[in-house]
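Visitor: Have a look at the structure that comes next, please.
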Number of protein chains: 2
Amino acid sequence: MTVSPTRIPEATVARLPVYLRALNSLLDSDIRSCSSEELATAAGVNSAKLRKDLSHLGSYGTRGVGYDVEYLRYQISREIGLTQDWPVVIVGIGNLGHALANFSGFSSRGFRTVALLDADESRHGELVAGCPIRDFGELGQIVREHGVAIGVIATPASAAQAVCDQMIAAGIRSVLNFAPTVLSVPEDVDVRMVDLSSELQILAYHEQRKAPHVEGAPGTEGVA
Amino acid sequence: MTVSPTRIPEATVARLPVYLRALNSLLDSDIRSCSSEELATAAGVNSAKLRKDLSHLGSYGTRGVGYDVEYLRYQISREIGLTQDWPVVIVGIGNLGHALANFSGFSSRGFRTVALLDADESRHGELVAGCPIRDFGELGQIVREHGVAIGVIATPASAAQAVCDQMIAAGIRSVLNFAPTVLSVPEDVDVRMVDLSSELQILAYHEQRKAPHVEGAPGTEGVA
């Protein structure tokens, strides 16, 4: 494999999925090459930052021509590891687990949901996105069978740590946590948390500064 | 209002929700004061960064005592704007919209879902989290009535831009987008995007570097 041997800065890693999405949307519009400015606009970042980020991947574009969209998409996909197969299990099949199981963005980018697990026996056997809900107790066997490396937690907060511990015991070393709670894990395990309310809080911070609101007086926000 | 008049760095703003979550979990464990190291551990950041971030809010703690957990939580909540009331509409009540409507993390932090809207007539009147699903055509009236400032888009990607345009026409200036597509908006509108697959991609990047995978050979990832 020809993945960069050096570590890419974490902030750059976090932007690679954004570039990938922008490149996909350019390809959807049948745009085959683009300047760094065009790609930066599509990705919503400034072009100097984009060029610096891509230089970590050894991609510099061609003067006067720009970047080959398809090749750059391949380079980024390979760098992230999306040219590999990533078997994933989702634990907790409530509304959010359902949404994740149905989410085309997962399956289309190298991730393959091999099992949906839930502790609720009455749900076992139910098909979600063509995949049956199975008992959480089968986790260890499923991880061994499919070589699962990534576990997704979509349980309530109260169950998340126990689920995480079981995932680690089964050999999973990368956990994506949607439960609104901080998980404790050993050092060699990566956890990323998607806190659905954080982004709303960041919006509120900016919204508050756009127009003076009257504290505690709903409905007076002066929306045009 | 006593919100900081100066802009806080964007990276600090993004960490405020993380500190808030850590403070809430300390209070849940009945911890009333904490050192910057303790809070940094609970939040998963380094303590020098935490002290710097909090200094932007004018919070320095007390030597030998540390931070008053409840007061710091109040300061951060006020800074973000969570001591105000934020009426929110959610558009697109599929599985994800359902999950968001039911998500306690929204309602418990100053956000109040005033309406759930969906284009599918057959769903109208259905109750989700105690709130009836209404017609998307009522958006303008609902925004005026409740002074809605924040709109949440949980539709398929194909519908998201049209929904966003309607939100802006109705006076909404802050949009939280869960649809996997980049939205075009005027300069005075803030959009934040939650891309559910980005975090999975970032995990894959790190996972790939933990152990050598064999490209294209599923099930050989060498999980212990």
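Visitor: Using the number of other C-beta atoms within 10 angstrom as an exposure proxy, rank A:Ile31, B:Ile76, B:Ile93 with the fewest first.
Guide: A:Ile31, B:Ile76, B:Ile93
Visitor: Most fluctuating residue of B:Val128, B:Val65, B:Val88 in a GNM of chain B with Cα springs under 10 Å: which is it?
Guide: B:Val65
Visitor: Taking springs between alpha-carbon atoms closer than 10 angstrom, which of B:Asn177, B:Asn24, B:Asn102 fluctuates most in the Gaussian network model of chain B?
Guide: B:Asn24
Visitor: What is the dipole size for segment A:10-80, taken about its Cα centre, with +1 at each Lys and Arg Cβ and -1 at each Asp and Glu Cβ, in debye to the nearest 20?
Guide: Numbers: 9 positive and 9 negative charges, 39 e Å.
The dipole magnitude comes to about 180 debye.
Visitor: Give me the lysines in straight-line cross-link reach of A:Lys52: C-alpha distance below 29 Å, same-chain residues under 8 apart excluded.
Guide: B:Lys49, B:Lys52, B:Lys210
Visitor: If you average the C-alpha positions of segment A:114-174 and of segment B:84-159 separately, how far apart do those two centres end up, in angstrom?
Guide: Here the two parts' Cα centres lie 30 Å apart.
Visitor: Let me ask something else. So for the protein assembly as shown: antiparallel DSSP bridges make up what percent, rounded to the nearest 5?
Guide: Around 20 percent of the beta bridges assigned by DSSP in the protein assembly as shown are antiparallel ones.
Visitor: Turning to a different aspect of this structure: Using a Gaussian network model on chain B with a 10 Å cutoff between Cα atoms, which of B:Glu121, B:Glu207, B:Glu145 fluctuates the most?
Guide: For chain B, modelled as a Gaussian network with Cα springs under 10 Å, the answer is B:Glu207.
Visitor: For A:Asp28, A:Asp68, which order do you get if you count the other beta carbons within 10 Å of each Cβ and list the fewest first?
Guide: If I rank by nearby Cβ atoms, fewest first, I get A:Asp28, A:Asp68.
Visitor: Which whole-number percent gives the relative contact order of chain A, counting Cα pairs below 8 Å spaced six or more residues apart? Each step should come with its number before you reach the end.
Guide: Numbers: 295 pairs, mean separation 27.6, N = 224.
Once normalised by length, the contact order is 12 percent.
Visitor: Another question, if that's okay. I'd like the projected area of the protein assembly as shown, averaged over all directions, using the convex hull of its alpha carbons. Report it in nm² with one decimal.
Guide: With the hull built on Cα positions only, its mean projection is 22.5 nm².
Visitor: Restricting to DSSP H runs of at least four residues, report the calculated mean residue ellipticity at 222 nm for the protein assembly as shown, -39500 (n - 2.57) per run over all residues, nearest 500 deg cm²/dmol.
Guide: Using -39500 (n - 2.57) per qualifying helix, the result is -12500 deg cm²/dmol.
Visitor: Taking beta carbons within 10 Å but only from partner chains, what does the mean come to for residues B:95-103?
Guide: Average per residue, whole number: 6.
Visitor: Which whole-Hz ³J(HN,Hα) couplings does segment A:72-79 yield from phi under the Karplus relation 6.51 cos²θ - 1.76 cosθ + 1.60, θ = phi - 60°, glycine and proline marked x?
Guide: Rounded to whole hertz, the list is 5, 4, 5, 4, 5, 4, 5, 4.
Visitor: Additional query: Assigning unit charges at the beta carbon (Lys, Arg +1; Asp, Glu -1) and nothing else, what dipole magnitude in debye, to the nearest 20, does segment B:86-198 show about its Cα centre?
Guide: 360 debye
Visitor: Now for a separate question. State, as an integer percentage, the relative contact order of segment A:10-80 based on alpha-carbon contacts under 8 Å between residues 6 or more apart.
Guide: 40 percent
Visitor: Follow-up. What average count of beta carbons from other chains do you get within 10 Å of the Cβ of residues in A:75-85?
Guide: 5
Visitor: Within 10 Å of each Cβ of B:143-153, how many other protein chain Cβ atoms are there on average?
Guide: Per-residue shielding by partner chains comes out at 4.
Visitor: How compact and how long is segment A:128-203, expressed as Rg and Dmax of its alpha-carbon atoms in Å?
Guide: 13.4, 43
Visitor: Under a no-solvent Debye model with one identical scatterer per Cα of chain A, what's log10 I(q)/I(0) at q = 0.11, 0.13, 0.17 Å⁻¹?
Guide: -0.73, -0.93, -1.18
Visitor: Here's something else I'd like to know. Calculate the dipole size of the protein assembly as shown relative to its Cα centre from +1 charges on Lys and Arg beta carbons and -1 charges on Asp and Glu beta carbons; express the result in debye to the nearest 20.
Guide: 1240 debye
Visitor: For segment B:1-113, just run the numbers: alpha carbon Rg, then divide by 2.2 N^0.38 Å, N being how many residues it has.
Guide: 1.17
Since every read-out is calculated from the coordinates, none of them should be taken as a lab result. Everything numeric in this text was worked out from a predicted model, so none of it was measured. Here the Cβ is made from the backbone with ideal geometry for all residues, glycine too, and neighbour counts use every protein chain on show.
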